[in-house]
Amino acid sequence: MFELLPGAGLRLPGRAGTLRFGTDEQTARWALATVADVRDGWVCGARWAFGAHYRGLTIDAHGDTTDPRGRHPDTPGLAGISLTRHPSTHTGPSACPVVLRGIDLFGYPTTEVSDALGEGLPPTLRLSGNGPYLTAVSVHAEPAPAEG
């Protein structure tokens, strides 16, 4: 089971620990490597990115993000995590729970998940899916406070 921890990161299955926002690439990569084979990836604006597959899910992480245009704040360390279901699993519950506030986001139809979560989701959280079940979720680090 994966547990989304908005503002903190992602708790990994078993005793693998937590992918924590702000951690360096090596620490984040090592944490995910305790549950899956990690491969390099690419995300625009990020100095590093990697991903892994685990029981029908793809887990992607990226960090050290910059925006030369200044539309988004720079984020040192782990900046974003996403979990995406394999397309063959979109018509039913996922084999691996992805939990937020005790609710399995990929285990129930989208309407039931939305009703259970209610209003007031963190602004750093994104839920995606246009079918009967959610297909992806992502969580990002909180923006750093503006200096002033």
(Q) Checking residue 99 against (1) modelled with pLDDT under 95; (2) among the aliphatic types (A, V, I, L, M); (3) surrounded by fewer than 19 Cβ atoms within 10 Å (Cβ to Cβ): exactly one of these is not met. Which one? (A) (1)
Q: Report yes if residue 94 is polar (S, T, N, Q), more than 20 Å from residue 26 (Cβ to Cβ) and either touching a Ser or Thr at 6+ places or on another chain (Cβ under 8 Å) or surrounded by fewer than 16 Cβ atoms within 10 Å (Cβ to Cβ) (or both), otherwise no.
A: no
Q. Yes or no: residue 83 touching a helix residue (DSSP H, G or I) at 6+ places or on another chain (Cβ under 6 Å), surrounded by 15 or more Cβ atoms within 10 Å (Cβ to Cβ) and not in a helix (DSSP H, G or I)?
A. no
Q) If residue 11 passes every condition in (1) open to solvent by less than 10 Å² (accessible area, probe 1.4 Å); (2) more than 14 Å from residue 77 (Cβ to Cβ) but one, which one does it miss? A) (1)
Q: Please list, ordered by first then second residue, the pairs with beta carbon atoms under 7 Å, 6 or more apart or interchain, first in segment 123-143 and farther than 15 Å from residue 4 by Cα, second buried (at least 16 other Cβ atoms within 10 Å of the Cβ) and of a type in the set (Phe, Trp, Tyr).
A: 133/106
Q. In segment 1-56, which strands (runs of 3 or more DSSP E) lie fully inside it and hold 2 or more residues that are at pLDDT 95 or above, under 15 Å from the mean Cα position of the chain (by Cα) and farther than 24 Å from residue 103 by Cα?
A. 46-54
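The values are calculated or read from the model by the stated rules, or taken from the named source; none is laboratory data. These numbers come from a predicted model, not from an experiment. Because the Cβ atoms are built from the backbone with ideal geometry, glycine has one as well, and the counts that use them run over all protein chains shown. All accessible areas refer to the heavy atoms of the entire protein, side chains included, with ligands and DNA or RNA removed. Shrake-Rupley method; radii C 1.70, N 1.55, O 1.52, S 1.80 Å.
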